[in-house]
Amino acid sequence: MQELLVYIDGKFVPKSEAKVSVFDHGFLYGDGVFEGIRAYNGRVFRLKEHIDRLYDSAKAIALEIPISKEEFMEIILETLRKNNLRDAYIRPIVTRGVGDLGLDPRKCGKPTIIVIAQPWEKLYGDLYEKGIKAVTVTVRRNAIDSLPPNIKSMNYLNNILAKIEANVKGGDEAIFLDHNGYVSEGSGDNIFVVKNGVIMTPPTINNLKGITREVVIEIIHELGIPFKETNLSLYDLYTADEVFVTGTAAEVCPIVWIDGRVIGDGKPGEITKKIMEEFRKKTEKEGVPVYADDGS
Ligand code: PMP
């Protein structure tokens, strides 16, 4: 099998040689931004939305990406082609670049641009049918006035601390609260609850503005299900009829247990299952074609 090829600054290099400098501020300080994108059956799902978010994250940290969005999208498509991939998880990364040991970003030369694409099946393995267990964690989501969760930055330690706590507490996923006690999101996904036929999710102030979240809201509207974007508390989670998370890696995944409380009847709910099915359909038919023969 051909070794995976990784795009780094204009070149495709084998995975074993895909390396960046230890003086890169992405490595030294988590100074950079990234995306997680999926391709399904030769089409990149919501590519433009992910690229827009990447450039917005970069703008928010005053990092100028030295290529156009169109060029970036083409690099992503080319990375898939070079690796003969049709179904893949794609990881574009833009770091501040190589600098000195000081923090000052002005000392960095040009940003480092990386695109990794590789096969990646399900984040939660075989748990989609039976649902996952989630635990709330004591570590709070980064405050919006310190490291705004809307910036998809390379600094994921807040999320990793949450994941460590979930692992210790026996949860498949962590649920973050914000500093006011409102539900924020999972360690790598957004969260929705269903109560008495109404679907609710927190506004995207204290969490990442998830692209899968947007797709799911589209689906909810298409299905004509009542929907509210509103602050949620732990009480709303514990007393929900259904809870599910959404994310590029996670896709749509039911939560059936939170902090020892069984959600609904302990099985994925009907509304969640319907949304999972509609999500699958969208990923099958939408997206930017990777290979020319898929274009028409
Ligand atoms: N929140 C966090 C913290 C995430 O890392 C992700 C994954 N990117 C999400 C939410 C879901 O976002 P998306 O649907 O755009 O993948």
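The values are calculated or read from the model by the stated rules, or taken from the named source; none is laboratory data. Treat the numbers as computed from the prediction; the structure is a model and nothing was measured. For neighbour counting, all protein chains shown are included, and Cβ atoms are generated from backbone atoms with ideal geometry for every residue, glycine included. Note: accessible area is taken over every heavy atom of the protein model, side chains too, but ligands, DNA and RNA are not part of it. Shrake-Rupley method; radii C 1.70, N 1.55, O 1.52, S 1.80 Å.
In vacuo Debye scattering of the chain, one point per C-alpha: log10 I(q)/I(0) at q = 0.07, 0.16 Å⁻¹? At q = 0.07, 0.16 Å⁻¹ the computed log10 ratios are -0.27, -1.33.
The convex hull defined by the C-alpha atoms of the range 5-119 has an orientation-averaged projected area of 6.6 nm². Add -39500 (n - 2.57) for each DSSP H run of 4 or more in the chain, then divide by its residues: what number comes out at 222 nm, to the nearest 500 deg cm²/dmol? Only helices count here, giving -8000 deg cm²/dmol.
FRET efficiency for the Lys228 to Ile144 pair, using the beta carbon distance and R₀ = 25 Å, is estimated at 0.75. Taking the C-alpha atoms only, the angle from helix 69-82 to the longest principal axis of the chain is near 90 degrees.
Taking 0.36 nm per residue of separation and subtracting the current Cα-Cα distance, fully stretching the chain between Asp9 and Leu103 would add 31.6 nm. Of the accessible area of the chain, with the probe set at 1.4 angstrom, what percent is carbon plus sulfur? In the chain, the share of accessible area belonging to carbon and sulfur is 55 percent.
Working from label points 7 Å from Cα in the Cα-to-Cβ sense, the Arg81 to Ala292 distance is 0.8 nm. Helix 47-60 axis versus longest C-alpha principal axis of the chain: approximately 80°, rounded to the nearest ten. First check a/c for the range 109-210, with a ≥ b ≥ c the square roots of the eigenvalues of its C-alpha gyration tensor; if it is under 1.5, answer rounded, and if not, answer prolate when a/b is larger than b/c or oblate otherwise. Cα axes put the range 109-210 in the oblate bin. For the range 149-296, the solvent-accessible area of protein heavy atoms averages 42 Å² per residue (probe radius 1.4 Å; ligands and nucleic acids excluded).
Ranking Ser16, Ala60, Gly99 by how far each Cα lies toward the positive end of the dipole of the range 5-119 (charges on Cβ) leaves Ser16 at the top. Excluding the site residues themselves, the longest part of the chain lacking any GluC sites (Glu not before Pro) in a DSSP loop with at most 15 other Cβ atoms within 10 Å is 130-285. When the Cα gyration tensor is reduced to axis lengths a ≥ b ≥ c, the ratio a/c is 1.5 or higher for the range 146-296, and with a/b not above b/c it is classed as oblate.
Computed extension gain for Met1 through Glu121, at 0.36 nm per residue and net of the alpha carbon distance, reaches 41.3 nm. Taking all protein chains as they are arranged and a probe of 1.4 Å, the heavy atoms of Lys82 leave approximately 80 Å² accessible to solvent.
In this structure the range 5-119 gives 47 Å² per residue of accessible area when probed at 1.4 Å with all protein chains present.
Rounded to the nearest 20 debye, the dipole magnitude of the range 96-185 is 280 debye, with +1 charges on Lys and Arg beta carbons, -1 on Asp and Glu beta carbons, and the Cα centre as origin.
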